[in-house]
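The values are calculated or read from the model by the stated rules, or taken from the named source; none is laboratory data. Remember, it's a predicted structure, so these values are computed and weren't measured experimentally. Here the Cβ is made from the backbone with ideal geometry for all residues, glycine too, and neighbour counts use every protein chain on show. Accessible surface is based on the protein model in full, side chains and every heavy atom, while ligands, DNA and RNA are left aside. Shrake-Rupley method; radii C 1.70, N 1.55, O 1.52, S 1.80 Å.
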Amino acid sequence: MKLDPVIGVLIVASFAILFASAAVHKLRDLRRFDEIFSAYGLLPPIAGLRVSWAIPVLEIGVTLGLLASAVRAVAGGIGIVLLLGYAAAMAVNLRRGRRDIACGCGGPDERRPIAAWMAWRNLALALLLALALWPWSARALLMTDALTISCGLAATVLIYLCLDRLGQVARRTKALQGLR
């Protein structure tokens, strides 16, 4: 079974936006992202090197690679590894009881603590990105396909933002219920 190119382009474009946005958030304040990265306590300091600075570089590489069909599979694989790594880092710290760590996904101005739904979200995103690695059918894209992709991309971004906000509201609601 081959993936329709409209679906493939929609998935690839959605993830290109996601990884570009994530990289921009981190690059806005690399020092703050380094603090967040270090707080996870998963990698020891390596002779003064800031391993965390490689993350936005990888995210930019994934963004650009997803848009180039020649290296899409490699970029998609790296993107999947990043998403699974984010999910694992959150899961490990949640298991340790460290729920106060900032997730690092909202940029330097936002301090959202990690939550289980974020780990699950990243697992689901990794599975969805894996779909883009399937072979695509060779049919030519039409003008109506461009409209479908544009509207689908707008809908995907809005749905993602709404689900992200819903997760934040659910966490706050749970916290407020605990105050009673």
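Rg/Rh, computed from the Cα trace of the chain with Rh as the Kirkwood radius, has the value 1.01. The modelled label-to-label distance for the pair L42/A70, using points 7 Å beyond Cα in the direction of Cβ, is 3.2 nm. Annotation: peptides 120-132, 32-44, ranked by per-residue average of other Cβ atoms within 10 Å with the highest first, follow the order 120-132, 32-44.
Ranked from largest to smallest solvent-accessible area, with a 1.4 Å probe on the protein heavy atoms, K2, K26 come out as K2, K26. Computed over protein heavy atoms with a 1.4 Å probe, the carbon and sulfur contribution to the accessible area of the chain reaches 71%.
Screening the chain for whole DSSP H helices of 15 Å or more along their axis (Cα) with average Kyte-Doolittle hydropathy at least -0.5 returns 5-27, 54-66, 72-95, 116-131, 143-178. Across the chain, the relative contact order, built from alpha-carbon pairs under 8 Å that are at least six residues apart, equals 33 percent.
Taking L158, L142, L18 in turn, the Gaussian network model of the chain (Cα-Cα springs below 10 Å) assigns the largest fluctuation to L142. Count Lys and Arg as plus one, Asp and Glu as minus one, and take only other residues whose Cβ is under 9 Å from that of I114; the net charge is then +2. With both labels modelled 7 Å from their Cα along Cα-to-Cβ, the S21 to A116 distance reads 2.5 nm.
With both labels modelled 7 Å from their Cα along Cα-to-Cβ, the A88 to L147 distance reads 4.5 nm.
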